[in-house]
Structure formats: C-alpha cells, structure tokens
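Novice: Got a structure here, written out as structure tokens. Questions coming.
Derivation of every value follows stated rules applied to the coordinates shown; laboratory data play no part. Quick caveat, the model's predicted, so the values are computed rather than measured. Ideal geometry is used to build each Cβ from the backbone, glycine not excepted, and the neighbour counts take in all protein chains shown.
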Amino acid sequence: MGKAGKHTWTFSNQVYIQASGTAVGPMEGEGPLGSTYDVIHEELHCGESNWELAERKLMFDAVYACLQKAGVDQSAIDLFLAGDLLNQNVTGNYVARQLGIPVLGMFGACSTSMETLASGAALVDSGFADQALVAVSSHNCTAERQFRYPTEYGGQKPKTATYTVTGSGAALLSRTPSPVQVEAATIGRVMDYNIKDPFDMGSAMAPAAWDTIKTHLEDMGRMPSDYDVIATGDLSSVGSPIFRDMMKQDGYDLSEVHKDCGMLVYHSDQPVFAGGSGCACSAVVTYGKLIQDLMEGKYNKVLVAATGALMSPMMIQQKESIPGIAHAVVLKRGEGAS
Amino acid sequence: MDKQPLNEQNFENAVKSYQPKPSYVMNCIKAFIVGGLICVFGELLSQMYIHWFDYNEENAMNPTVATLILLAALATGFGVYDKLGQFAGAGSAVPVTGFANSITSAALEHKSEGLVLGVATNLFKLAGSVIVFGVVAAYVLGIFRYLWSLIF
C-alpha cells in the first residue's frame, strides 16, 4: 500500500473485484454493448411512477445483480460507497437506506464511478473494510431536469451536446483473489480551461483527462502501450480528439489504445449527439464489457479514467466556466484468472 | 499552421476546430418550413372558424390560438413536440405552439412534486421570462404610441 509519484495510489495488499453488476435503460440495451448488461429495462420509467424512482430502481438492480453474482449477502458488506448526479446524492442515499450498510456518499459528477472504485479499493487495501460495495447511477430524464430543461421541452441541442446514459453499475471489492485486480488509482485535480458552454462538456473535460492520465503514466513510470485499453469516461466525439492531441503534444501516442466509453455505449446512428455521458456511462462499460474482457483474458491491463464536468446550472448562469475532473483506476487480470 | 497548441491560455480558441459547426443554413431552412407550416395550419384553422362557425376575421384569432395551444400541449404529452423542436429549432419554438410546449413540459416534469408546489409553482419556469418581457415591451410601446398620437 502506498503512494507512487505525485497523485497515484498503489494497492499492494491485492484488492480484487469479486463481481460487478449493471442495469440500463432501453437505448443502452439496444446499443452495441447490449449483451454485456445484467438487467435491461424496456422502458425509461423502469416500472416506476417517476424518473427519480426509476434511477433508484436501476441502482438496486445493479447492486443486487452484483451481490447475486458474488454470492454474498448484503449483511456481510462493511461499506457502501455510492454516488449519482442528483442534488443531495438522493439515489445513493435512498438505496443505502434499504441496504442497511454503512455508507459514504460521493460526488465527482460523471467521474464518481472511478472515485467510488478508487476510494473503495483504498479502504479495502488498508483494512478499514473487508468487503466494500461501490455503485453509481444516472438517468437521462433526471439529469435533464437537474441540469437542463424539462424532458419534453422542444429546445434544440447543438451537435456538441451529449446524452446522459440511463443506467447503473456496481462492483464488490475485497482482498479475496479473483480474476480482476484493482492495481492502482490516480486521483485527479480540478482542471478548468475556461469552457463555458454546458452543451459542450467534452471540451471542458478533455484537460482533466489529459492531466490525470499524464500524471498517472509519470507516477507509474509507464507508457500508453503498457495498457490494452485506456478508456475515458464521456469525452464524446468532441472531447476525445482534443484529449488525444493534448497527450500527443506531450509525446504520448494514444491512437492505438484510447477508447471513450461515451462512444462505446451507443451505435453511431442512435440520436445521442456527440455520445453518451453521465456517471453510468463509464460504469456500465467498465463493470460490464471491460471486466468481462479482463476475465476472458482478452485484455490484461486496462486504465479507466472517468471524466466529470463539475457543472452546476446556477454557476453557469453566473457566468462561471465548467471545471473538469478525472479519476483513473488500473484494472488487471488477477491471480484467480483462469 | 492549421492546428493551434492546446494549452491553458489558448484553449478556448484551439478547441474551436474540434467542435462541429451548427448547420446555420440548413437550420434556417428547417425552421422556415416548419414554422411556416404551423402558420399555414393556423390560417386554415381561422378560415375554418370563419366559414363553418360564426366568427369574423377579427375574433377568429381566439379559437385558432386555443386550438393550436391544445394540439401543442397534446403533442408535448405524447412525446412528439421535443423531437419536432430538435428538428425545427426556432421554427417550432417561436409560434404560440412553442409557448404551449414550454408550459406543458414544465407541468409534466413537476407533476411528481404535487399539483400546488410542483405543477403550479413551476408552470411558468420557462415561459415566465417570455411573459415578463412581453408585458414590459407592450407597456413601453404603448407609452410611445400614446405620445405619438398626442403629437400628430
């Protein structure tokens, strides 16, 4: 256990992901990764009477899918780290109310997925928890209401806008060997290069992804080629090339390894503007496809940098710019891998 | 050099080449056609009220506007108007149907918080600014018109 370089944690006590669970809405289910999710809802309401309840249902589904796969009862879990995009972290808190597990609510906008995973891994590594459950969620319609306009409002969005992923991802961490190990995490700084357009979060977040991943590579003494995939959370088709060119300026060529979860989660012909976004965007891709590929041995080591636009509609109206953040976690094939 | 360096000082300018440009001409054409069609439909409605019902050219406006508002509210509830809005932009936002959409969508959105604090409080969340500036502009113009009539 310890710090490597400037901002990186390495988990020397071997922290593993025992199992993961994902739940998504209809558009994500129809997307290219449809077969990798545990629960797919046919309808955006997920059988509930309002959008907030629908998001809560998604997090429940992801958590229970994860616990069921791990074969662990919720009473055996020491800590629940949860976050979402809504005010007062309502989804995580109301799910925690029912789970009855000690909880820490976390917020890092769309970077919350890796923020909870990194924090959970650190707490398991240090022995403060034997089994920690991490979960995040987002819902297109709750996010629209929280950050933009009513869902049925007929405003025109520009091509740089992103589409919030409806879904939730959960993972169970412990020191029991399993096929997927959490090796290290790099905690990001807030980066703000003065982008003010709330319909262009890819441009706002690209500097944060660049800073965190560059710091990570320096701290670990690694090159991009040491990873099979370097995945960013939701830079979209606008932010991804900006991020890659920023890395190139520093001599890192990511053209072979970089993928953006926001562009993996939907088909290019789905009406999602520049790509997917939201806490669930990086979570459902990481806890679904990436973990499955690690288990199957398709990948040996992946770096996931979840990107977050720490945006508040009120601050935007007060003419503030959008701060970005990114947290990165290294997942690799563990001892239990076949 | 076509690409500028992506650093903190120059970032806002440098990223412009990465951002897809809005198709201004195409958007204008779409807005013109859809907005125009809504107005043609309104004209047909008012002709209908004049010919088939007992309205004259002056007061046929009232049932016409009411009908357009009703249809826009229904289209909002059925989840059609937001898709039309994404296609047509100002074409569907500027006519009275856009105003109806802004009110209906807010009402639908806040239904879960109850009729009084949800629907009633938030009904004019988007449309409120339109009303404020509409009333203020009408007031100012009214004064000018009155002064004009005094002089001439």
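Novice: Using only Cα atoms and rounding to the nearest 10 degrees, what angle (0 to 90) does helix B:96-109 make with the longest principal axis of chain B?
Specialist: The angle comes out at about 70 degrees.
Novice: Further question on the same structure: In the range A:45-132, what chymotrypsin sites (Phe, Trp or Tyr not before Pro) fall in a loop by DSSP, with at most 16 other Cβ atoms inside 10 Å?
Specialist: On the way: sites: A:TRP51, A:PHE60, A:TYR64, A:PHE80, A:TYR94, A:PHE107, A:PHE128; in loops: A:PHE107, A:PHE128.
When the chymotrypsin sites (Phe, Trp or Tyr not before Pro) of the range A:45-132 are filtered for loop state and at most 16 Cβ neighbours within 10 Å, A:PHE128 remain.
Novice: Ok, one more. Going by the alpha-carbon gyration tensor, a ≥ b ≥ c the square roots of its eigenvalues, is the range A:115-215 rounded (a/c under 1.5) or, if a/c is not under 1.5, prolate (a/b greater than b/c) versus oblate?
Specialist: Details: a/c = 3.29, a/b = 1.71, b/c = 1.93.
Oblate, since a/c reaches 1.5 and b/c is not below a/b.
Novice: Still on this structure: Shielding of B:73-86 by partners, i.e. mean partner chain Cβ atoms within 10 Å per residue? Walk me through the numbers on the way to the answer.
Specialist: On the way: counts 0, 0, 2, 4, 1, 1, 2, 2, 3, 9, 3, 1, 7, 6.
Average per residue, whole number: 3.
Novice: Let me ask something else. Distance between Cα centroids, the range B:1-46 to the range A:189-224: provide it in whole Å.
Specialist: 27 Å
Novice: Rounded to the nearest 10 degrees, what's the angle between the helix B:128-151 long axis and the longest principal axis of chain B, both from Cα atoms, 0 to 90?
Specialist: 60 degrees
Novice: Under the definition of Cα pairs under 8 Å and six or more residues apart, what whole-number percent is the relative contact order of the range B:8-109? Intermediate results must be reported in sequence, preceding the final value.
Specialist: Values: 75 pairs, mean separation 32.6, N = 102.
Reported relative contact order: 32 percent.
Novice: Multiply the residue gap between B:LEU44 and B:PHE32 by 0.36 nm, knock off their C-alpha separation, and tell me the result in nm, one decimal place. Write down the numbers at each step before the final one.
Specialist: Values: separation 12, 0.36 × 12 = 4.32 nm, distance 1.79 nm.
Computed gain between B:LEU44 and B:PHE32 is 2.5 nm.
Novice: Next question, about the same structure. Out of the range A:1-105, which GluC sites (Glu not before Pro) are coil in DSSP terms and have no more than 13 other C-beta atoms within 10 Å? Provide the component values of the computation, followed by the final result.
Specialist: Details: sites: A:GLU28, A:GLU30, A:GLU42, A:GLU43, A:GLU48, A:GLU52, A:GLU55; in loops: A:GLU30, A:GLU42, A:GLU43, A:GLU48.
When the GluC sites (Glu not before Pro) of the range A:1-105 are filtered for loop state and at most 13 Cβ neighbours within 10 Å, A:GLU30, A:GLU42, A:GLU43 remain.
Novice: Moving on. Need one number: nm distance between label points at A:ASP250 and B:LYS3, each 7 Å from Cα along Cα→Cβ, rounded to one decimal.
Specialist: So the two model labels end up 1.6 nm from each other.
Novice: In peptide B:10-21, how many Cβ atoms from other protein chains are near each Cβ within 10 Å, on average?
Specialist: Values: counts 1, 11, 7, 0, 5, 14, 1, 2, 13, 11, 8, 3.
Going residue by residue through B:10-21 and averaging, the value is 6.
Novice: Now for a different question. Can you list the DSSP H helices in chain A whose Cα atoms extend at least 15 Å along the helix axis and whose mean Kyte-Doolittle hydropathy is 0.5 or higher?
Specialist: Values: long enough: A:51-70 (29 Å, 0.07); A:112-125 (19 Å, 0.62); A:201-220 (28 Å, -0.07); A:236-249 (20 Å, -0.32).
Span-like helices, by this rule, are A:112-125.
Novice: A follow-up question, please. Looking at chain A from every direction and averaging, what is the projected area of its Cα convex hull in nm²?
Specialist: Approximately 15.4 nm², given one-decimal rounding.
Novice: Also, I was wondering about something else. Once you put a point 7 Å from the Cα of A:SER225 and another 7 Å from the Cα of A:ARG148, both along the Cβ direction, what distance in nm separates them?
Specialist: 4.1 nm
Novice: Between A:ASN140, A:ASN87, A:ASN50, find the one with the highest GNM mean-square fluctuation for chain A; connect C-alpha pairs within less than 10 Å.
Specialist: With Cα springs under 10 Å in chain A, the top fluctuation among A:ASN140, A:ASN87, A:ASN50 is at A:ASN87.
Novice: Once label points are set 7 Å from the Cα along Cα→Cβ at both A:GLU30 and A:SER49, what is their separation, rounded to one decimal in nm?
Specialist: If labels sit at A:GLU30 and A:SER49, their model points lie 2.9 nm apart.
Novice: What average count of beta carbons from other chains do you get within 10 Å of the Cβ of residues in B:98-104?
Specialist: Values: counts 3, 0, 0, 5, 6, 2, 3.
Mean number of neighbouring Cβ atoms from other chains: 3.
Novice: Report the net charge of residues surrounding A:TYR153, where surrounding means a beta-carbon distance below 13 angstrom and charges are Lys +1, Arg +1, Asp -1, Glu -1. List each step's numbers first, then the result.
Specialist: On the way: positive: A:ARG145, A:ARG148, A:LYS157, B:LYS83, B:LYS125; negative: A:GLU144, A:GLU152, B:ASP82, B:GLU109.
For residues surrounding A:TYR153, the net value is +1.
Novice: Please list A:296-307, A:248-259, B:51-62 highest first by mean number of surrounding beta-carbon atoms within 10 Å per residue. Kindly include the intermediate steps, with their values, before the conclusion.
Specialist: Working: A:296-307: 22.3, A:248-259: 14.7, B:51-62: 11.2.
Result, highest mean Cβ count within 10 Å first: A:296-307, A:248-259, B:51-62.
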